[in-house]
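Colleague: Shown below is the structure under consideration.
The values are calculated or read from the model by the stated rules, or taken from the named source; none is laboratory data. It should be emphasised that the depicted structure is a prediction, and the values quoted were computed from it without experimental measurement. A quick note on method: Cβ atoms are made from the backbone with ideal geometry, for glycine too, and the neighbour counts reach across all protein chains shown. Heavy atoms of the whole protein, side chains included, go into the accessibility calculation; ligands, DNA and RNA do not. Shrake-Rupley method; radii C 1.70, N 1.55, O 1.52, S 1.80 Å.
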Protein chains: 2
Amino acid sequence: MAAIKLKNISTRAPKRYNKEKTKTKTEEILHELDDLQNLLFAEGKHAVLVVMQGMDASGKDGVIRDVFGELNPQGVTVKSFKVPTEEEMAHDFLWRVHAAAPRKGVIQIFNRSHYEDILVTRVHKWCDDETAKKRMKAINDFESLLTQHNNTHILKFYLHISPEEQQQRLNERIHDPAKMWKYNEKDFEEAKHWDIYMKMYEDCFAHCNAIPWHIIPSDQNWYKEYLIASALHSTLKQLNMQYPGLKK
Amino acid sequence: MAAIKLKNISTRAPKRYNKEKTKTKTEEILHELDDLQNLLFAEGKHAVLVVMQGMDASGKDGVIRDVFGELNPQGVTVKSFKVPTEEEMAHDFLWRVHAAAPRKGVIQIFNRSHYEDILVTRVHKWCDDETAKKRMKAINDFESLLTQHNNTHILKFYLHISPEEQQQRLNERIHDPAKMWKYNEKDFEEAKHWDIYMKMYEDCFAHCNAIPWHIIPSDQNWYKEYLIASALHSTLKQLNMQYPGLKK
């Protein structure tokens, strides 16, 4: 597989996609997803883990609300990974992640994830290259554990936006009353590290690809939502799940 | 390394060991261990995981009480692994194990462990050979994660008793009022699988040996306690720990 170069991947929908038609399509997919998720829950044989990564303002929270928010919250849970607590820091970096792994029957969404341990940490040099390499190995082993020993289907999304789009969205947080609560002046500082972030993401795609990454052009929310709903739909569809019938 | 053949290893102390002298020695070691454990806690840079495996009545509870019971309970915790709950069964087999991994500064004792997932489960054919092989790989990855990413020092003990000694101890549980609470008629049924248990243990020693097993001759408690206290002592001693001084 050729290495992923983010600069060479568009952050926008291909021209052939029409916004309104795509939105209608997404609604149809979401409708079917609702049934599939119910089946996943009822059957209880598979687990689904959705890893959501992306730069600040790439639209992670939006996907969670607009795509996963359509599903039954009884079978869909979200874990947001923030700065580790003192207790978390006193354990290996996957300890808190493993604790949040989905049980069979549910879709667990990671809003940021174990990948931050080889992204933000490397950008700020809290994690050196040698440690990063070891962490990548541990991440691959961990994802293999979930896959092989709990029928966990892992979907990894990178929400791909342009730096220009990011700046515009961060600025909206200053002016739009509905978005001000998300404003954090540090985000502008962080945005200055754009190029090194891209490099670290590319390194992560290159070394943690046993379960492939979905690079999602995300400058337009309607296209991003369509792609993510579609990916989840086709994953669930392929499981050939059955309602279990009456318990014996 | 030659494969471990349990039949060829004595379950008793070599003749040169004198019971009273050894007990005195163990007391001295425990006294030093108390200081070392305090240092481990104060320094907070290393974690210790003690995995205690062995057949029924091999003396796991006894070691925990008589060796680890001498140490400060603030820095020594015990997790006993029983039949998995419904919630645990809905996750990969290492989920509940990882959750109980020690934080830095403490000694965590596993009374039985993730190894049961390739022992009792194989004896009763709940786990086939192919699954067992995958689990062994996952166990090795997991132990490597704890070792490499949280400075965890793992000590794995197999309490080696003879089947005759086991029968005697199980019978004592019927007649000794202080031991009756441990009596479980199923233990006698389980004991009939002795040979297949030995085979599964040997297979586990052969494939999960990146962190070596300590085979502890355990027919005599005084010798077993001496060996385990010694192993823990030398592990802690090698860490060259330092009291951290005043916080800056």
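Colleague: Determine the relative contact order of region B:1-112: mean sequence separation of Cα pairs under 8 Å and six or more apart, normalised by residue count, in whole percent.
Modeller: Over region B:1-112, the number comes to 39 percent.
Colleague: With a 1.4 Å probe, what is the total accessible area buried between chains B and A, in Å² rounded to the nearest 100?
Modeller: Buried area between the two chains comes out at roughly 2100 Å².
Colleague: Out of the trypsin sites (Lys or Arg not before Pro) in region B:62-127, which ones are loop residues according to DSSP with at most 10 other C-beta atoms within 10 Å?
Modeller: B:Lys82, B:Lys125
Colleague: Pick out, in residue order, every one of the GluC sites (Glu not before Pro) in region B:161-248 that is DSSP loop and has at most 10 other C-beta atoms within 10 Å; say none if there are none.
Modeller: Qualifying residues, ordered by number: none.
Colleague: To make sure I understand the rule: partners must be aspartates and glutamates, Cα under 15 Å from the Cα of A:Lys182, and not fewer than 8 residues away in the same chain. Which ones qualify?
Modeller: A:Asp56, A:Asp61, A:Glu172, A:Glu190
Colleague: State, to one decimal in nm², a quarter of the convex hull surface area for the C-alpha atoms of the protein assembly as shown, i.e. the direction-averaged projected area. Can you show the working numbers first?
Modeller: Values: hull surface 118.3 nm².
With every direction weighted equally, the projected area is 29.6 nm².
Colleague: Rank these by accessible area, largest first, 1.4 Å probe: A:Tyr158, B:Tyr17. Provide the component values of the computation, followed by the final result.
Modeller: Working: A:Tyr158 0, B:Tyr17 65 Å².
The residues order as B:Tyr17, A:Tyr158, largest area first.
Colleague: Over region B:1-135, what percent of the accessible surface lies on carbon and sulfur atoms, probe 1.4 Å?
Modeller: Carbon with sulfur: 50 percent of the solvent-accessible area.
Colleague: For region A:96-104, just list the computed ³J(HN,Hα) in residue order, Karplus coefficients 6.51, -1.76 and 1.60, θ = phi - 60°, integers in Hz, with x standing in for Gly and Pro.
Modeller: The phi angles translate into 6, 6, 4, 4, 9, 5, x, 7, 4 Hz.
Colleague: If you put a point 7 Å past Cα along the Cβ direction, how far is that point for A:Phe188 from the same point in each other copy, in nm, smallest first?
Modeller: 8.0
Colleague: Just to confirm, what accessible area per residue do you get for the protein assembly as shown at 1.4 Å probe, in whole Å²?
Modeller: Numbers: 25850 Å² over 496 residues.
I get 52 Å² per residue for the protein assembly as shown.
Colleague: Distances from A:Ala100 to the same residue in each other copy, label points 7 Å out along Cα→Cβ, in nm, shortest first?
Modeller: Label-point distances to the other copies, shortest first: 2.4 nm.
Colleague: A further question on this structure: What chymotrypsin sites (Phe, Trp or Tyr not before Pro) does region A:97-144 have in DSSP loop regions with at most 16 other beta carbons within 10 Å?
Modeller: Hits after loop and neighbour filter: A:Trp126.
Colleague: May I ask for the equivalent-ellipsoid semi-axes of region B:1-85, computed as the square root of five times each C-alpha gyration tensor eigenvalue and listed largest first in whole Å?
Modeller: Numbers: eigenvalues 132, 92, 39 Å².
The answer is 26, 21, 14 Å, longest axis first.
Colleague: Could you list, bin by bin from short to long, the percent of Cα-Cα pairs of region A:129-210 in 10 Å steps?
Modeller: Pair shares across the bins are 14, 33, 26, 22, 4.
Colleague: When the accessible area of region A:159-206 is computed with all protein chains present and a 1.4 Å probe, what percentage of it is carbon and sulfur? Display every interim value, and only then the final one.
Modeller: Working: 1570 of 2870 Å².
Of the solvent-accessible surface of region A:159-206, carbon and sulfur hold 55 percent.
Colleague: State, to one decimal in nm and shortest first, how far the label point of A:Glu32 sits from each corresponding label point in the other identical copies (label point: 7 angstrom along Cα-to-Cβ).
Modeller: 6.9
Colleague: With a 1.4 Å probe and every protein chain left in place, tell me how much accessible area A:Asp128 has, in Å² to the nearest 10.
Modeller: Spelled out: A:Asp128, probe radius 1.4 Å, area about 80 Å².
Colleague: Now a separate question. With heavy atoms of protein chains only and a 1.4 Å probe, what residues of region B:93-109 have at least 50 Å² less accessible area in the full set of chains than alone?
Modeller: B:Trp95, B:His98, B:Arg103
Colleague: Working from the pairwise distances between different alpha carbons, so that the mean of 1/r is found and then inverted, what is chain A's Kirkwood radius in Å?
Modeller: Taking the inverse mean of 1/r over all distinct Cα pairs, chain A comes out at 19.2 Å.
Colleague: Against the empirical 2.2 N^0.38 Å scaling, what ratio does the C-alpha Rg of region B:77-135 come to?
Modeller: In units of the 2.2 N^0.38 Å rule of thumb, it is 1.20.
Colleague: Enter the Cα centre distance for the pair region A:60-125 and region B:144-212, rounded to the nearest angstrom.
Modeller: Centre-to-centre distance over Cα atoms comes out at 37 Å.
Colleague: Something else: Quick one: Kirkwood hydrodynamic radius for region B:28-68, alpha-carbon pairs, angstrom, one decimal?
Modeller: Values: mean 1/r = 0.0836 Å⁻¹.
Taking every pair of different Cα atoms in region B:28-68, averaging 1/r and inverting gives 12.0 Å.
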